[in-house]
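Quick notes on the structure that follows.
The values are calculated or read from the model by the stated rules, or taken from the named source; none is laboratory data. Computed from a prediction, not measured in an experiment: that's the story for all the values here. Every residue, glycine as well, gets a Cβ built from its backbone with ideal geometry; the counts of neighbours run over all protein chains shown. Surface areas here come from the heavy atoms of the whole protein model, side chains and all, with no ligands, DNA or RNA. Shrake-Rupley method; radii C 1.70, N 1.55, O 1.52, S 1.80 Å.
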Amino acid sequence: MADLLIELFSEEIPARMQARASDDLKRMITTALKDAGLSFDGAYAYATPRRLALHVTGVPTTTPDVSEERRGPRADAPEKAIEGFLRGAGVAREDLVEREDKKGTFLYAVIEKRGQAAADVIAQALTDTVRNFPWAKSQRWGTGTLRWVRPLHSILCLFDGSVVDMEIDGIKAGDSTRGHRFMAPEEFSVTGFTDYKQKLLDHKIILDAGRRETLIRDTAQTLASAAGLELVEDAGLIAEVAGLVEWPVPMIGSFSADFLDVPEEVLILTMKKDQKYLVTRDPSTGRLANRFIFTANIEPSDDGSAVTGGNERVIAARLSDAQFFYEQDLKGKLEDNLPALKDIVFHKELGTVAERVERISRLAQAFAKNTETASEKEAARAAGLCKADLVSSMVYEFPEVQGVMGRYYAKAQGESDAVADAIRDHYAPLGPNDACPSAPVSVAVALAEKLDTLVGFFGIDQKPTGSKDPYALRRAALGVIRLITENKIRLSLKQVIGRADFLYMIDALQDVDLSIYDHLRGDAEASMPDQDGKIKIVDAYFEEVAEFDVSKDAGFKRYQKRSQGRNELVKGLLSFFGDRLKVQQRDKGVRHDLIDAVFAKGDDDLVRILNRVSALSAFLETEDGANLLAGYKRAANILKIEEKKDGTSYDKPVDIGRLAAIEAETLSGALAKAKEAAENALISEDFEGAMAALSSLRAPIDAFFDQVKVNDDDPEVRANQLALLSEIRTAVNTVADFGLIEG
């Protein structure tokens, strides 16, 4: 057994690519070894800014001998067929053996393949890997044909202490590499992995990225503590910085305290995005401190003041720009930005951002009115300003702080906390771990923004397909689900989808007839319910205007298209929400089939659906619930078979006088009582009570199947008893569609 060491030494590899690249190198080489029959004990990949390395331990020096048996033609086959088989198998005629089976006598070739040197396998595997490496972006250089992320300078490849003989595009494998670009640039040779790792360390290279991360984190925390500050943890940034340096030397610098008047989100973004600096916080105030920690890739020859001073000058210039943008934005008001939104296209088929803001404002106001928890005035105000910061200088420079800056500007111009917070929160939640807004105005605006997005893109048939979701509609739907369920908002999804769609429809009319557009827009402020009645008014209006040529008007065509596709839009979005709800609840351990079973009853109140699912789940975990489900499935299966065989439905009233046994009569009475009790419990949303009503059916259903022959010899008795099975199905399905429940 021997060890394999590979290093691919190049110009700087982007930090974001290093982890994936080291994994790809490990995967491609180890797969090639396994395919050749070479086992190994372990494989360990490493990456620094200028090298990818792989250490594979316990590799055999040769591949195993292989004996392969290949069946050929029949023994009495034409000679040309036999000659073709001999050529393909690479054996002589005398090497063939004859064997008989039930189909005749056939020729067999036994091919013995001796193992090959593992070094030859490694040479080919590394050549294929380098030439076919899956870089997201790569380049060619010089006159060669090789592509690599940056120019590749050397290949180190040692197996069992010896150099593997190979060459790629003029780069011949050897046993040498180089150290730190500035502190130890000379070339040196190695004999194996232990020697390689130690000599790298001697030449100012820390090979292990994890160790570099730990060094940066620990030193940064020490520097911050020494200054009486707290380090703002950022594991992602530390990992990125570790990919930028081979010999990390963290140091601390400062900037003018005047810059602390700039919003801290901007300060953090400026230092993190542009300079890769870690920030600190003053524990006594909780505010950011004017000290930052940077990581050099070199040990300074002085006390570090020159390097620190250079970084301080750079960050001062960056923060000066941010301060200038902030101060310029504060000279105006958010309302001043609104006209510019008319020039920004949201989507070519969905209008401008200004039109989108109008729709969001109307939806948010309606949400506030119908939930009766938020101020309609504040909801409309927040929604009307929620996109205003998009054209601010700060957001133009730092798109990541949209919404956040809107809150700062809103507070600066005297808006209430509710309005300012809603402007900040209207994008939230952005993911499953993101904080979900709970303030009533914030919830109203965030719901309106996401529903406008979903209804808009579904209305132009831009639904997610497979893994593609360019408009982040899955994320928007999950956001709606979280806003509704976590805040326990009671509303009908069908109605709010219909209202959002109606707003798009009347937007299409503003270029057709401004008077009816204004009338409908004002009327749309009144309520949340479905707008079918108003749609009929619009249709009737255009039917009465004889001189209006609807076939030539683009606006009316858009209106008509949305009007005709309205039912499909609502149906499609409800199904989409159902799928997203299953995904979201799956992570909480809720069974998808129970959600399907409840959704099938046509309920579109998410809070009520989850309450019903919870009660159903608890019921099915009881003995009564499990047995009732089994009895239901038995009844449904028998009914399905008999209805198919007879070509008729037994969903008919039961004639109690034509039942064969007292158990059947008892069950019929129990079904009527249980169904009525369950329906009454559902009306008052007493889902536990509804389940309790169903549990009373367990005993009579069990007794029925134990004592009664369903397919009685008397046709009338049989028909009535099958109708009784249909009543079981109907009664149990009062709460949920038990046919969709697995198990």
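Here are some notes:
- Fraction of C-alpha pairs exceeding 26 angstrom in region 209-330: 17 percent, rounded to a whole number.
- The listed peptides 635-648, 309-322, ordered by packing as a protection proxy, come out as 309-322, 635-648 (highest mean of other Cβ atoms within 10 Å first).
- The calculated FRET efficiency for the pair residue 287 and residue 672, based on their C-beta separation and a Förster distance of 51 Å, comes to about 0.15.
- Mean Cβ neighbour count within 10 Å, used as a protection proxy, ranking 447-453, 736-742, 395-401, 725-731 highest first: 447-453, 725-731, 736-742, 395-401
- Between residue 352 and residue 740, full extension at 0.36 nm per residue minus the direct alpha carbon distance yields a gain of 135.3 nm.
- Using C-alpha pairs below 8 Å separated by at least 6 residues, the relative contact order for region 66-113 is 54 percent.
- When region 606-740 is described by a simple charge dipole with +1 on each Lys and Arg Cβ and -1 on each Asp and Glu Cβ, the residue from 730, 656, 666 located farthest towards its positive end is 730.
- Each Lys and Arg Cβ is given +1 and each Asp and Glu Cβ -1; about its Cα centre, the chain then shows a dipole of about 860 debye.
- Residues within the reach of a label modelled at residue 74 (point 7 angstrom out along Cα to beta-carbon, backbone nitrogen below 11 Å), restricted to region 93-125, are 103-106.
- Note on region 391-451: Kirkwood hydrodynamic radius from all Cα pairs is 11.9 Å, rounded to one decimal.
- For region 66-113, Kirkwood radius (reciprocal of mean inverse C-alpha pair distance, Å): 10.8
- Full extension of the segment from residue 434 to residue 658, taken as 0.36 nm per residue of separation minus the current Cα-Cα distance, would add 74.4 nm.
- Residue 34-residue 331 pseudo-label distance in nm [points 7 Å out on the Cα-to-Cβ vector]: 6.4
- For region 606-740: rounded, prolate or oblate by the Cα gyration tensor [a/c cutoff 1.5]: prolate
- Available extension along the chain between residue 182 and residue 12 is 59.8 nm, counting 0.36 nm per residue and deducting the alpha carbon span.
- Protein heavy-atom surface of the chain, 1.4 angstrom probe: 48% of the accessible area is carbon and sulfur, with nucleic acids and ligands not counted.
- Just so you know, the Rg over Rh for region 306-357 is 1.32, from Cα atoms, with Rh as the Kirkwood radius.
- Take every Cα pair under 8 Å whose residues are at least 6 apart in sequence, average their separation, divide by the length of region 606-740, and the relative contact order is 38 percent.
- Note on residue 702 and residue 603: their simple-model spin labels are 2.7 nm apart, each label 7 Å out from Cα toward Cβ.
- FRET efficiency for the pair residue 257 and residue 189, taken as 1/(1 + (r/R0)^6) with r the Cβ-Cβ distance and R0 = 56 Å, rounds to 0.60.
- Among 94-104, 12-22, sorting by the average number of other beta carbon atoms lying within 10 angstrom of each residue, highest first, gives 12-22, 94-104.
- Of 633/673; 463/601; 561/640; 26/588; 34/103, pairs whose Cα-Cα distance is over 30 Å: 561/640; 26/588; 34/103
- Total charge dipole magnitude, region 606-740, about the Cα centre, Cβ charges on Lys, Arg, Asp, Glu only, Debye to nearest 20: 360
- Counting every C-alpha pair in region 52-152, the share spaced more than 24 angstrom apart comes to 55%.
- R0 of 35 Å, Cβ-Cβ distance residue 94-residue 116: FRET efficiency to nearest 0.05: 0.85
- Pairwise label distance in nanometres, residue 416 with residue 132, each label 7 Å out on the Cα-Cβ vector: 6.5
- Take region 209-330 with all the other protein chains still there, run a 1.4 Å probe, and you get 45 Å² of accessible area per residue.
- From the alpha carbon centroid of region 101-179 to that of region 350-408 is 58 Å.
- Stokes-Einstein D (µm²/s) once Rh is taken as the Kirkwood radius of the chain over alpha-carbon pairs, at 37 °C in 0.692 mPa s: 99
- In terms of its C-alpha gyration tensor, region 315-422 comes out oblate, because a/c is 1.5 or above while a/b does not outweigh b/c.
- Relative contact order (percent, whole number), region 249-371, Cα cutoff 8 Å, 6+ residue spacing: 24
- Taking every Cα-Cα distance in region 625-674 and sorting them into 10 Å bins starting at zero, the pair-distance distribution P(r) comes out as 21, 46, 32, 1 percent.
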